[in-house]
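The values are calculated or read from the model by the stated rules, or taken from the named source; none is laboratory data. Computed from a predicted structure; not experimentally measured. When we count neighbours, we look across all protein chains shown, and the Cβ atoms used for this are built from the backbone with ideal geometry, even at glycine. Ligands, DNA and RNA are stripped out before the accessible areas are found, and what is left, the full protein with its side chains, is counted by its heavy atoms. Shrake-Rupley method; radii C 1.70, N 1.55, O 1.52, S 1.80 Å.
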Amino acid sequence: MKKVILSLLTLGFINTALADQTANANLTKLLENLKTFQAHFDQVIQDKRGTTMQESTGKMALQRPGRFRWETLTPNQQLIVADGKIIWVYDKDLQEVTKKKQTESASSPGLLLSASVGNLAKRYDVSALSKNDFKLAPFKHDLFKSVELLFDDNGTLTQMIMHDNIGQTTQIQFTHVSTNKSLSSSLFTFVPPKNIDVMQG
């Protein structure tokens with residue numbers, strides 16, 4: 001009887017491992033086909049009770065690997081630009097600029113999507129929620145407890161859902177999506193405005 005139970009447990013473990021490998025392979029294929037991505041976004045942050053804490057809208061662009069632009073337009077204006085080496089954060093309302101070194105270990109929607117596929121596989125355990133939807137759980141402590149990437153039947157990313165370690169959920173809906181189009185390098189270049197101090201992040 002013990003041998004039967006052990007065999008069933010082993011079989012279950014193997015099936016789970018194979019399912020994770022398949023999910024990882026499917027997500028890898030989708031992301032490898034995503035060279036550039038532009039979209040408008042609607043972002044909603046909710047607390048652990050489901051109460052909306054913040055809503056924002058904006059537009060974004062990324063060029064894999066390592067370059068992205070995340071521009072929040074409402075309710076406050078903020079621009080985040082990553083050029084592959086440096087991340088710039090420009091808060092237009094406060095007239096502040098922060099500069100910090102770009103690493104793939106940092107956590108943000110733009111960094112996650114623009115990171116190399118190999119790095120994602122090293123950092124996250126990937127499982128399938130459905131045919132086109134995936135859940136990423138970090139192997140090590142991270143800003144987010146889990147991240148969900150949702151694609152439509154054409155393989156276009158339509159939504160990200162991020163769950164952090166204090167119970168908050170960030171939902172990002174992408175619309176007006178354009179993929180694999182040539183993007184101007186100026187999108188991923190930032191020059192601090194004159195007379196504004198640059199702080200090291």
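Summed over segment 65-77, residues that are within 22 Å of Lys101 (Cβ to Cβ), open to solvent by 40 Å² or more (accessible area, probe 1.4 Å) and modelled with pLDDT under 95 total 2. Considering only residues in segment 152-181 that are without any contact (Cβ under 8 Å) to a residue 60 or more places away in the chain, assigned to a loop (DSSP other than H, G, I, E, B) and under 22 Å from Asn132 (Cα atoms), the one that is least open to solvent (accessible area, probe 1.4 Å) turns out to be Thr156.
Checked against the criterion of being assigned to a loop (DSSP other than H, G, I, E, B), touching an Asp or Glu at 6+ places or on another chain (Cβ under 7 Å) and in contact (Cβ under 8 Å) with a residue 60 or more places away in the chain, segment 182-189 has at least one qualifying residue. Of the set (1) more than 25 Å from Asn76 (Cα to Cα); (2) in contact with a strand residue (DSSP E or B) (Cβ under 7 Å, 6 or more places away or on another chain); (3) at pLDDT 90 or above, all apply to Asn154 but (2). Inside segment 36-61, can you point out the residues that are closer than 16 Å to Ala82 by Cβ, of a type in the set (A, V, I, L, M, F, W, C) and in contact with a Ser or Thr (Cβ under 6 Å, 6 or more places away or on another chain)? Phe37, the sole residue that qualifies. Residues in segment 91-141 that are of a type in the set (A, V, I, L, M, F, W, C) and farther than 30 Å from Asp152 by Cβ were compared, and the one that is surrounded by the most Cβ atoms within 10 Å (Cβ to Cβ) is Val97. Hey, does segment 44-52 have a residue that's open to solvent by less than 60 Å² (accessible area, probe 1.4 Å) and either among the aromatic types (Phe, Trp, Tyr) or at pLDDT below 90 (or both)? No: zero hits.
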